[in-house]
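**Q** Below you'll find the structure I mean.
The values are calculated or read from the model by the stated rules, or taken from the named source; none is laboratory data. Note that the coordinates shown come from a computational prediction; the quantities given were computed from them, not determined experimentally. Here the Cβ is made from the backbone with ideal geometry for all residues, glycine too, and neighbour counts use every protein chain on show. Heads up: the accessible areas ignore ligands, DNA and RNA and are worked out on the full protein's heavy atoms, side chains in. Shrake-Rupley method; radii C 1.70, N 1.55, O 1.52, S 1.80 Å.
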Amino acid sequence: MTLGTRRFAANARLLTVIWLGGVAVRLDGAWGVGQAGRISCKWRPAMPISDHLRAVRSKIGHDLLATTAVSISVFDDQGRILLGRDAETGLWTLPGGAIDPNEHPADAATRECFEETGLVVRPKRLLGVFGGPEFLIRYPNGDLTYYTVIAFEAVIEGGALAPDGEEMASLRFVDRAEWEQLAVSPSSRIISRQALQHDPVPYFAAASWRPES
């Protein structure tokens with residue numbers, strides 16, 4: 001999903017830290033140039049927020065906010081998955097974004113896909129529910145946000161494929177070999193990997209918590 005790499009302010013600076021396979025890489029102004037190290041979360045440019053989230057932030061400041069989002073995996077008739085190149089970071093992501101108050105997740109998925117890609121889609125199955133350290137994001141203004149992501153697979157019903165030019169600079173369908181070579185955002189890498197496996201059973205990470213003995 002474009003989670004953490006979308007809806008950036010026009011004057012936002014390029015992210016300074018990204019996650020690659022669980023390792024944080026500090027960038028020095030260009031993709032792939034930097035030093036690796038372990039950190040607890042990744043930094044992203046500031047993103048516009050809804051009136052609802054703005055009201056919440058006015059009460060809690062930069063403190064941790066947990067919220068929900070959607071991700072959409074769309075395949076063409078050749079079995080290739082749709083990715084978009086983020087206009088700010090250059091990373092490839094799945095369409096997706098935050099769920100608005102009172103909005104059904106499937107409606108959010110349909111809306112986000114249309115806004116970002118121009119395609120009218122119909123969610124046909126639940127891919128899974130995703131979370132973990134890759135979904136914890138601290139923005140340059142200090143806001144700390146954790147996303148739980150509901151991921152869908154969807155079928156195309158209409159529209160015309162075209163990037164919005166603001167969030168998505170370009171769009172392309174890619175096969176598994178191309179997917180392996182692209183610089184995909186950490187959260188979208190996790191979700192799209194599951195989508196490409198075409199497992200009919202919805203995914204969730206196995207429980208590891210146990211009560212203290």
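**Q** Could you tell me whether R193 is without any contact (Cβ under 8 Å) to a residue 12 or more places away in the chain and surrounded by 12 or more Cβ atoms within 10 Å (Cβ to Cβ)? If you could, list the steps in order and put the result at the bottom.
**A** Values: without any contact (Cβ under 8 Å) to a residue 12 or more places away in the chain: yes; surrounded by 12 or more Cβ atoms within 10 Å (Cβ to Cβ): yes.
Yes: the conditions hold for R193.
**Q** List the strands (runs of 3 or more DSSP E) inside segment 109-202, counting only whole elements, that have at least 3 residues being out of contact with any Gly (no Cβ under 9 Å at 6 or more places or on another chain). Working first, answer last.
**A** On the way: elements: 119-130, 136-138, 144-159, 168-174.
In segment 109-202, 119-130, 144-159 are the strands (runs of 3 or more DSSP E) which contain 3 or more residues that are out of contact with any Gly (no Cβ under 9 Å at 6 or more places or on another chain).
**Q** Restricting segment 53-106 to residues that are polar (S, T, N, Q) and either open to solvent by 50 Å² or more (accessible area, probe 1.4 Å) or part of a loop (DSSP other than H, G, I, E, B) (or both), which is farthest from A160 (Cα to Cα)?
**A** From segment 53-106, those polar (S, T, N, Q) are 58, 67-68, 71, 73, 78, 89, 93, 102; that's our starting set.
Now restrict to residues that are either open to solvent by 50 Å² or more (accessible area, probe 1.4 Å) or part of a loop (DSSP other than H, G, I, E, B) (or both): 58, 68, 78, 89, 102.
Values: S58: 39, T68: 28, Q78: 18, T89: 24, N102: 28 Å.
Per the stated criteria, the residue is S58.
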